[in-house]
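A short reminder: the numbers here are calculations on the coordinates, not readings from a lab. Just so it is clear, the structure is predicted and the values come from calculations on it, not from any experiment. Neighbour counts run over all protein chains shown; Cβ positions are idealised from the backbone, glycine included.
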Amino acid sequence: MKILIIGSKGFIGQHAFDYFKAAGFQVFGCDVVTDYVSEDYIQIDATNSDYHAIFEQHQIDVCLNCSGAASVPLSLQFPFKDFNLNTLNVFKILEAIRVYQPSCKFINLSSAAVYGNPELLPINEKATPKPLSPYGLHKLQAEQICREFFQYYQVATCSLRIFSAYGEGLKKQLFWDLYQKFLHNNQIELFGTGNESRDFIHVDDIVRAIELVIKNAAFHGEEINIANGEEFTIKYVSELFHQNFAGGKTISFNNQVKAGDPLNWRADISFLKNLGYRQTISIETGIGRYIDWIKGL
C-alpha cells in the first residue's frame with residue numbers, strides 16, 4: 001500500500017511517516033521544507049501549492065493530510081492565512097485526487113476545536129459544532145469539503161477530530177510552554193483557573209488510530225473523534241509535569257480565559273473503539289516520555 005503524507009515534516013506528520021515506514025508501507029513524504037537527503041519526498045511550493053502533478057505522476061492508495069496551521073491565536077490574528085492552510089488547501093488536494101486518482105482514500109486531520117464549548121460531555125461526533133475561533137471554523141469547513149467530495153464525486157474521505165495531541169517533538173502548547181517557563185522562573189503563571197480540562201492523546205496512539213482508520217473505516221465522509229475518552233484538568237497535568245521535571249516551582253492560574261479556548265473536553269470514542277482502538281500510553285507515561293525527550297535536547 002502506498003501512502004502519501006502531506007505535512008510530513010510536521011509533528012504528527014513526521015511520527016506518521018516513521019510509523020508507516022517501519023510497518024512496511026511504501027510511504028511518500030510531502031511538505032514545503034527543503035530536503036536533499038530523504039528518498040520518496042516531494043517538496044511543494046509554500047506560496048502556491050499545486051497537487052495535480054503529484055497525483056498525475058504517482059500512484060497513491062491513501063493520502064493523509066497532516067498539513068495546515070495549528071494555532072488558535074494566530075488564526076485570530078491572521079484568518080486569511082489560516083483559511084488558506086486549513087480549508088482551501090484541503091479542496092486543492094481533493095480536486096487533484098478527483099481528477100487523477102478518484103480511488104485514493106483521503107484522511108484529513110481535523111480538530112476537536114470544531115466543537116467549541118459542548119453542552120454535554122462526553123462529546124460524540126453528532127454534537128452540534130460551535131467553533132470558538134477561525135481555526136475551529138476553518139477545520140469545520142474542511143470537514144464539509146470532505147463530505148462534498150464523497151457525496152458528489154464518490155471520493156473516499158474521512159475527517160479525524162483530534163483532541164489534545166502531545167508527545168516527543170512537539171515544541172508548542174501546554175507542555176512546551178511549561179518547559180520554557182520552568183527554565184527561567186520559579187513562579188509559573190498559566191491562563192485560566194486550572195479546572196479547564198482536556199482529553200489528551202499521545203502522538204503514538206494517534207498514528208495507531210490512523211492505521212485503524214485506514215484499515216477499517218467506511219470513508220463515507222464521516223468524522224471520527226481521536227482521543228482517549230479521559231478528562232484531565234490543566235491543574236493536574238501541570239502538577240504532574242512539575243513533579244517529573246523540576247521541583248521547587250510554584251504554579252498559579254490568572255483566571256483569564258484566552259480567546260478561542262474551550263473550557264472542558266472529553267470525547268466519546270465509541271466509534272474509534274469499534275474500529276479496534278485501545279489506548280497504549282497513559283498521561284503519566286506520556287508526560288514522563290515527553291520530559292525525557294526535553295532533557296535530551
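Here are a few things to note about the model shown:
- Residues of the stretch 139-147 include at least one that is touching a residue at least 12 places away in the same chain (Cβ under 8 Å), among the basic types (Lys, Arg) and over 19 Å from residue 232 (Cα atoms).
- The set of residues in the stretch 57-88 that are of a type in the set (S, T, N, Q), surrounded by fewer than 24 Cβ atoms within 10 Å (Cβ to Cβ) and touching a residue at least 24 places away in the same chain (Cβ under 8 Å) comprises 59, 71, 87.
- A Cβ distance below 8 Å, combined with a sequence gap of six or more or placement on separate chains, defines the contacts here; from the stretch 41-55, residues that are of a type in the set (A, V, I, L, M) reach residues that are loosely packed, with under 12 Cβ neighbours inside 10 Å in the pairs 44/50.
- Selected residue (criterion: surrounded by the fewest Cβ atoms within 10 Å (Cβ to Cβ)) from residues of the stretch 113-139 that are closer than 21 Å to residue 219 by Cβ and of a type outside the set (Lys, Arg): 124
- Given (1) in contact with a strand residue (DSSP E or B) (Cβ under 8 Å, 6 or more places away or on another chain); (2) among the polar types (S, T, N, Q); (3) buried (at least 17 other Cβ atoms within 10 Å of the Cβ), number of the condition residue 14 does not satisfy: (1)
- Matching option when the condition is part of a helix (DSSP H, G or I) and either of a type in the set (A, V, I, L, M) or free of Cβ contacts under 8 Å to residues at least 12 places away in the same chain (or both), among 179, 152: 152
- Residue 160 being closer than 30 Å to residue 291 by Cβ, touching a Ser or Thr at 6+ places or on another chain (Cβ under 7 Å), in a strand (DSSP E or B) and among the hydrophobic types (A, V, I, L, M, F, W, C): yes
- Among the residues of the stretch 146-159, those that are surrounded by fewer than 24 Cβ atoms within 10 Å (Cβ to Cβ) and within 22 Å of residue 12 (Cα to Cα) comprise 156, 158.
- Condition check for residue 194: touching a helix residue (DSSP H, G or I) at 6+ places or on another chain (Cβ under 7 Å) and either part of a loop (DSSP other than H, G, I, E, B) or polar (S, T, N, Q) (or both): yes
- Scan of the stretch 265-284 for residues that are closer than 24 Å to residue 181 by Cα and touching a residue at least 60 places away in the same chain (Cβ under 8 Å), ordered by number: 283
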